Structures are given as C-alpha cells and as structure tokens.
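A short worksheet on the structure shown next.
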Amino acid sequence: MTSAADLEGARLDVALVCMPIVAVERPSIALGQLQTALGDTGISAHSYYPSLMFLDYVGVEDFALFDLARVDDCLGDWLFTPTAFPEHRADDTHYIDRLLARNKRLAEKIGDNPHERLLRLRAMVPEFIDWTVTTVMKENPRIIGATSTFQQHVASLALLRVIRERTPEIVTMMGGANCETVMGRATHKRYPWVDYVVSGEADGLIGTLCEGILDKGRSLAAKDMPFGTLGPAHRDEGYPSVAVGDGVPRAVTADMSKIPLPDYGDYFQALSMSLNHDIIHPGLPVETARGCWWGERQHCTFCGLNGGSMKFRSKPADAVLRDFKTLADKYGFARFEAVDNIMDADFLNTVVPALEGLDYDVFYETKANLKPHEVEALGRSGIRWIQPGIENLDTRVLKLMRKGVTAWNNVRLLRSCRQYGVRVSWSILCGFPGEDDNWYAEMAEHIPALAHFQPSGFAMLRFDRYSPYFDDASEHGLNLVPSELYSYVYPHTEEELAEQVYFFEDLILGDRGRGMISSDATYGPGLESVRTRLREWHEAWKGEPPLVEQTDDGNVLTITDTRPAAVAAEHRIDGVGRAALLGALDAPPRHRLIADLKTAGYTDPDIDAALDDLKTRMLTLDIDGRVIALTLEGPHTPLPAVWRFPGGFLNTTARQRNTESSAAA
C-alpha cells in the first residue's frame, strides 16, 4: 500500500483513463474534451489509453473477437469481472456456452477450443491491470477518472478498485454513457471505491468539480457539487432527485459553442508506442451537435441514445468549420468521424458547401429522407460515408419504429448513395412488436433487384434503456429484464441489475434472432427468406460490385446490368419505356407518372405494358404506391474503399502482405 509520504514531489492533478473494450483506431472524444476543459481551468491533466495497449497485450487475432461480440454479449465486461468483483463466483463455462449459443457468428469464428481461448484471455487480465495501474501512477495523480461506455464499465471498476486498494489517498471518478442517471446512481451506491460519479455531460462541470475535489478531497459537501454529480456525501445524506425522467439528475451543456475542442495528443503519443501502430490508421472524432432534432418531435421506439434527453443543440457553422481545420492542422490529416446522433439539417446549406474543395474525409449520421441533390452535395463536400438510419425496407415496420420515413425514401437513398459515391452503413432491423412475418416475405421478393446498391447488415431488435420500448414496456406488451449474460458479470440480483445495465430483453422473445449465419427455428419463413437474400447480396459484393447503369443518346437508353438475377446483360429501352424510366428517377406516385406519360401523348395500354416490362426487367420497383427507377445514370461516382472509414481503421491486410513479402524474400 502506498502512503501519502510516498507521493512527494510534482504531482499530476487528474489522470483520465480509457479502459478496454473500445475501438483502438480513434481517441476518446470524451477524454479529449475533458482534458481541454481541465487545462482551461488551470488543472493539469493527462489521458491514458490502456484500451490501445490492450491490442498489443492480447494480439490482433484475439482482439478481433471483440468485433464479433455485441455489446449485450458482455464479453469485454466478463473478462475483467474477477478483478472488479473477486467475491463473485459465476459459472464461467455456462457463460461461454450461452455466449456462443446466442452469437452464432462468434461461435463460427472463434475456433475449436472456445472455452480454452476465452479463459486464457481472462487469465491475462490481472497482469494487464497491474501494468495499467503502474502506468497511470507514474505521475502521482491526485484524481483518477475513468470513462465508461458500453463494454468499459467493469474494466473501469476493476482499475479503480485496484487503485483504491493500493493507494487509498487517490480520489476516483467515473462518467460516461454507463453512468447516466439511474445507472450512475447504482454505480455510486454499490461500489464504494468509486468516489465521484458524473451523470450526463461532464465537459461543462469538470473544472469546477475537480477544483472542489483538489481542495476538499472526499469531503466535498453535496451543496458544493455541480448538478449531475454524485459524491461521498450522498452516501450519508441521501441521493438527489428530480421530477423528470427516472428521477436522477443529469448534467447538460446547453450552449454547444462552449464545448471544448478535444486534445488528442496523449492518444497519438500512446499510438506511437504501440506494437501495432503500423496497422492503425486513426480517425479524429468531432462533435458538432448533441441530442436529436427528430427525436424531439417523435422518439424512435427502439432508440436509447442521449440518456433520456433528446434536446437538440448544434454548434454554429463557423465553429464547426474552425474545429475541422484546427484538428486537421494539429494532427496532420483530415479523417473525421462526427459522433453526433444526427446531422443538423441546416448544415446542408452551411457546413456542407463550405467543405467543398478541402479534401476532408468525413462521416456523419443523417436522416434517411435525404434528396438526391443533397446526397450529391455530401459527396462533393467529402462527407462520403453516412449512417442514415435506413433500418428497414417495409413502410409498415418503419411506422412501428416511428422513423418518419417510408420504404421508397430508403430505396431512393440507397440509389443516390451508389450514384454519387457515398458509402452507407445500414442494417435491416426486425423483431418489432406488432410486425407480421408476411411483410418480410414481400421484402425478400424485392431484394434481388437491389443487388447493385450497398448491402445491408441484419439485426434483431434490442431493448435499450431510455428507449420508448423501455420506458413504456407494458404499453407495447413487453416484459423486459436485463440481458441474460449480465448475470455472469455482476454480483447482483435481477432487480439490482435493472438499475445497473443498459440492455434488456423480453422474456417472451428469449433468444429470438441471435445471428444470421445459421438457421434458427424462431424465425418465420418470411424473415428467413430475407436472411437468405441478404447472404446472397453480400456474396455478390465480394468481387466487383454489381452495376445497373444507363447511358442516354436522346432516343434510346442503353443499360448495362450485372446483377446476379438480371434478366439480360444489356437492356435497350426506347419510346414510352424510356420516358417512364426517366420519369421514375425521383420515385413519383404511380398515378402521377401515368398522368405525365399520358400528357406526353402515350396511351394507357402502352403505358401499362411499358411499366410492366420495366418491372419484369427489375429496372423499376413498385413500392408504397410509387414507381422508383433502380438504374444509375452513367458515369456514377466510385465508392470509397470499404476499409477507408473516416473514423479510422485497422489495416490487418497490409500487415499480412508485408509478412508474406518478407517471408518470400
């Protein structure tokens, strides 16, 4: 045990720690912002990245397992359980059995001895924690704070517990998504080695809080703590409450112009020391807005983001552009991942045009109702990777989600993204209360015609805290309990877990929908058909992506068609068929398209025959009472490479090529 006398000389005020398991290819924007905020207050702070060093520690091959694990698999948390909760005696063999039964993709990739492999990784953790403690303690910090999002919680608890045991004088803190409201209160109540917990957005209060702690230590009075902070005094006096949400205070930074620009210097220092620095191509997280302007109007039923506060706030456009430039100049590259839940719609008229010509690579989350000219503008600006929340190709399911878009919007967006070279991340979500399996049978019939658009992922609905499904479970006929695997991680009852964790599942659904590789009897035939079509879709994109592209000489459309289900390799469309296909580029209602064609002098029989022919050739899709053209106009803009995600990427392929070249030499 280290005494106060051992901590002489110059001391760091605050050590900020990012524990595993998170992506190693980007720094923590939370720690970067807090480090800047503390520095602006005159408090010395450094950020530490054991999350990055964990890749070196376990190796690239084993680290890849965590990409296969879902957040509700709790794999990252499970690894650190013996250190965080040495008194907890869960059945590890049964945990691994249940993990592999629920996650078939992981089961197929993990190898022949999954129990041995995972238990070996777990046995390495105590030594890793020892290394982390030694590293973080080198500058004798007075406060150590750990951030926690999704699979970081138990690792952070493990670190702070060991620090408390070895150096009781050090004050400990936690914050992040896993500490929002009731989860933060549960963390503070149950783990006495965590002195302070911040519920909500800490960047606006961290300076004031740390000034108080540096002055008073654990004796800081409750009245002197910023709103949203829980401290030792609350364990004696009782916890504060509010009349909204789940009753626990949550700090919010109202003015986005005051959000500090993150300091990523310590991340890049750690990266330079990594054994795997040659395969890590980092991205720069940026934050230009918080909350969700759509969620303020109509909260999507499954969305549990924002800690229960959808209030949308965004930075002024000039500040956004200044942030991009400052970060690019400071770190010498311009790959940006906007961590916003949704792009400010006004940015289409302000930020997007101003980015043209700057040679930035940018990722944004957007709404799916983007118009073709808006997608074109995004591509020109360097925003060539988006996550638009498509989530399904059936309007009836989208209505259950309260997405505010229809299937035809989503199909048009997929076409626009392929046309203008904007890569799109999206998944078909299913398993919503009230959906009908027959809807998926209809969807499966459409999918072969979409093979030249970017393929979808696949996921069953997950029930997240703060979502309407969680808040109003009984209204949706749900009986939600904490996700099964949490019980192998935390030494808590189910009632205690219900306050502690982020992810839940319905007792009626059970294991329904836990992967798309192997058949599962709980899927209906319609959904199973969709899964089959999705596998075929991904298979078609393993080589040169399929293409349906037209050229127009003013009289005849010549269309190249390389889809696996194409009825012909080339189509030549003239007359009323050409007019109908060109008229369907913006997905007009069928009755309006017919009216326009009649105005142009075509007869009803000719129009009907032409529309039937285009549909048979899969050059158009009839959906939601609209006719949407599926062809691209040549020449289309190529997509960025799949491994060039602006938020950073691990290029293990390059490492393999270099190894093979060295061996050959």
Whole-number Å³ per residue for the convex hull built on Cα positions in the chain = 179 Å³
Do any chymotrypsin sites (Phe, Trp or Tyr not before Pro) in the range 182-287 lie in a DSSP loop with no more than 16 other beta carbon atoms within 10 Å, and if so, which?
-> Trp193, Phe227
Go ahead and estimate [θ] at 222 nm for the chain from helices alone: -39,500 (n - 2.57) per DSSP H run with n ≥ 4, summed, over the residue count, rounded to 500.
-> -11500 deg cm²/dmol
Chain lengthening between Asp215 and Glu445 when straightened (0.36 nm per residue, less Cα-Cα) | 76.1 nm
Which of the helices in the chain meet the span-like rule: DSSP H, Cα axial reach of 27 Å or more, Kyte-Doolittle mean at least 1.6?
-> none
Given the pairs Lys325/Lys371; Lys223/Lys330; Lys325/Lys542; Lys189/Lys258; Lys399/Lys542; Lys138/Lys311, which span a C-alpha to C-alpha distance of over 30 angstrom in this model?
-> Lys223/Lys330; Lys325/Lys542; Lys189/Lys258; Lys399/Lys542; Lys138/Lys311
What is the fewest-to-most order of Thr395, Thr616 by other Cβ atoms lying within 10 Å of their Cβ?
-> Thr616, Thr395
Net charge, Pro640 excluded, C-beta distance under 10 Å - Lys, Arg +1, Asp, Glu -1 | +2
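Where a number appears in this text, it was derived from the coordinates with a stated rule and is not lab data. The structure displayed is predicted, hence computed values, not measured ones. Neighbour counts run over all protein chains shown; Cβ positions are idealised from the backbone, glycine included.
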